[in-house]
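The values are calculated or read from the model by the stated rules, or taken from the named source; none is laboratory data. If you're wondering where the values come from, they're calculated on a predicted model, not measured in any experiment. Neighbour counts are summed over all protein chains in view; Cβ atoms, including those assigned to glycine, are modelled from backbone coordinates with ideal geometry.
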Amino acid sequence: MRVAIQGELGSNSHLAVKALLGDAELVPCALSVEVFERLTAAGGADAAVLPIENSLHGAVADHSDLLLQHDVRIVGELSLRIRHALIAPRGSALVDVRRVLSHPVALSQCRRFFSHHRQMEAVPFYDTAGAVKHTLQEREQDAAAIAAPFAAEVYGAHILLRDLEDDPQNFTRFLLLTRAGDEAQVRPVDGPVNKVSLAFDLPHRPGSLQHALARLAGQGADLTRIESRPVPGRPWEYMFFVDLRVASAEGADAVLHTLTEVSHSVKELGRYAVEEPPAAVPAEN
């Protein structure tokens, strides 16, 4: 199976693929839009794994927009503990590091580390694992990268420090995607399909969202996530993205029916098995 990810080998997306699908042939992409292009193109990729939200930084808004724009379906989810390590070429020493490359979100999650190492400059890079790959290719002894420890294993690099993240309760929720119609070939587990993701827009009048949510509650649906995104070409109008726990496939059908009655449009983004929330990480003494 060919699986498209945004980022390089050794990234958290790579770890998510391993957890969801085991060993698969990865198709690394520099941009998220390229992931969707590969997934929807013939022979490009059979599936894709993308982050949709982080427990500290919230939603990855662009990915919700891309889900709406492409004919793909969500078939699985995974919450991955995010761990950050300082990684450098073998032979590098911590005392020599002056520049630290990583994705801007990863850098922002390690502020305490930089406050304790003020001689180091945080340098934004397009990808965490890509930063490791770059520092190894350049062989600059004053440069290191922040990435998952797995990246050091993939590239044969040296871990200078572990667990740099400010907050250990740092999880990213990843979605497993496939082309519409291919759900049965990619779905990772045989289990109850008890979660549905939807996008819908509502009439612009007082109480429309409250009315829609009340109808969902009346169907017994448990709202686990809601996000609003602007509708292109319609200023100050919004599309609502929701994740709902349902009791059965029939419950998902009922949710779709009740939303169709009160919305301008409804798009089903996927049905899949709920992953239970990860256990909290014990606080350090």
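Of note:
- Flag for ARG81 being over 20 Å from ILE5 (Cβ atoms) and either among the charged types (D, E, K, R) or at pLDDT below 95 (or both): no
- Unmet criterion (only one of (1) free of Cβ contacts under 8 Å to residues at least 24 places away in the same chain; (2) surrounded by 18 or more Cβ atoms within 10 Å (Cβ to Cβ)) for SER115: (2)
- Meets criteria (surrounded by fewer than 18 Cβ atoms within 10 Å (Cβ to Cβ), outside the structural domain of SER228 (by TED's automatic domain parsing) and outside any loop (DSSP other than H, G, I, E, B)) for VAL49: no
- Of all residues in region 260-284 being within 18 Å of VAL193 (Cβ to Cβ) and not in a strand (DSSP E or B), the one that is modelled with the highest pLDDT: ALA273
- Exactly one residue out of VAL100, VAL105, VAL123 is in contact with a Lys or Arg (Cβ under 6 Å, 6 or more places away or on another chain) and at negative phi: that is VAL123.
- Check on GLN141, surrounded by fewer than 18 Cβ atoms within 10 Å (Cβ to Cβ) and outside the structural domain of ALA273 (by TED's automatic domain parsing): yes
- GLN185 meets each of the listed conditions (1) out of contact with any Gly (no Cβ under 8 Å at 6 or more places or on another chain); (2) assigned to a strand (DSSP E or B); (3) not hydrophobic (A, V, I, L, M, F, W, C) apart from (2).
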